[in-house]
Amino acid sequence: MVRIPAHATALLTLGSVGLVATIFLGITWAPDVNPSQWRAPAAYRIIFLHVPFAWTSFLAFSMLFWGSLRWYLRRTERSWRLVQSGSDLGLLFGFGVITSGPIWGMAEWGVPWDWADLRLNTFALLTALALFIVMARRSQPDHDSTRDTIAAVGLFGFILVPITAVATTIYQKRHPGVVIIESEESGLDPAIRTVMLLGFVSVTLLFIGFSIISDKLYSAEAEIELNLKALDEMHGGE
Amino acid sequence: MKCMGANELAGETHLIVAYAILIGSLALYANWLWSRYRNVANSPASTLEARTPHPRDGEE
């Protein structure tokens, strides 16, 4: 019988507590922004979860890329489970980013989306890629040829990650630029940076906990599938 | 007590909706993992059962 590892549960608990603390500190401790310079000052606090979700989605997309690469090199079940968990978590965190971002955009810019902005559109493509992989895995028969196709999408789609990461540096249209790395332009308040980093640590702990549990479950489900096949063959051969 | 102007509050609804979606999506994912865990734990094809033929298997 599958058992959820105790350290994964501990990571999820720590991450959840950290997430609650991030929201609490983000609302009560982080300073207000100048209301005369912002159209929707209260909405800026969305960044305390939006940015950690975005960073964590990159971790998930990296897991997807690593799994896809390993699938081509070694063709092991473990590699395939990385593709499965990476695409699930990429979709989860990517979905959070592409919903919370436009909500902030609606409040601050007056429009939810800008089709001319590089980062918005490459990130949306990344999330669409994770959605495609999740849907393909569920709708297609689980053969090596299907896995090859899906892994190819995960492998080559990863090129969007570095493009998205540097998008605001090389081509900033509307999305705000890099805020955490110290620079003359960022001018980020230390309290805001601290809350954002707490958010990042919390969401990363959740990501690691989810990854461990997801891997265990995919492994157990694959074993059950094999056992069912063995049972069918046993009964079919009688 | 600090008196907040209308502009300072602008975007509060957006903030609540965004936080609700983000926390809600994490909760939904956790719930999905939990339901998969229950399915796996309750599956009749557990390792031992699947590998050990039932004593009545093969009887006519």
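We did not get these values from a lab; they are worked out from the coordinates using the rules stated. Every value quoted in this text rests on a predicted model; they were computed, and no experiment measured them. Here Cβ is always computed from backbone atoms with ideal geometry, including for glycine, and neighbour counts include all displayed protein chains.
Express the relative contact order of the stretch A:1-160 as a whole percentage, based on alpha carbon pairs under 8 Å and six or more residues apart in sequence. Each step should come with its number before you reach the end.
Working: 151 pairs, mean separation 36.6, N = 160.
Relative CO of the stretch A:1-160 lands at 23 percent.
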On each of the three principal axes of the Cα atoms of the stretch A:18-155, give max minus min coordinate, whole Å, ordered largest first. 58, 34, 22
Can you give the charge dipole size of the stretch A:4-98 about its Cα centre, rounded to the nearest 20 debye, using +1 on the beta carbon of Lys and Arg and -1 on the beta carbon of Asp and Glu? 360
Of A:204, A:99, A:22, the one that fluctuates the most in a GNM where chain A has Cα springs shorter than 10 Å: A:99
Whole-Hz Karplus couplings 3J(HN,Hα) for the stretch A:208-221, θ = phi - 60° and coefficients 6.51, -1.76, 1.60, Gly and Pro as x, run 5, x, 4, 4, 5, 5, 4, 4, 4, 5, 4, 5, 5, 5
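Using a 10 Å Cβ count of at most 14 others and DSSP loop calls, identify the longest part of chain A lacking such trypsin sites (Lys or Arg not before Pro).
Numbers: sites that count: A:3, A:39, A:75, A:173.
Free of exposed loop sites, the longest segment is A:76-172.
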For residue A:72 paired with residue A:228, estimate the spin-label separation in nm (one decimal), with each label point 7 Å from Cα along the Cα-to-Cβ line. 3.2
Within a Gaussian network of chain A (alpha carbon springs, distance under 10 Å), most fluctuating of A:175, A:143, A:50: A:143
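Compute the longest continuous run of chain A that contains no exposed chymotrypsin sites (Phe, Trp or Tyr not before Pro); treat a site as exposed when its DSSP state is not H, G, I, E or B and it has at most 16 other Cβ atoms within 10 Å.
In chain A, the maximal stretch lacking such sites is A:30-108.
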Report the FRET efficiency, 1/(1 + (r/R0)^6), for residue B:42 and residue B:16, where r is their Cβ-Cβ distance and R0 is 35 Å, rounded to 0.05. 0.40
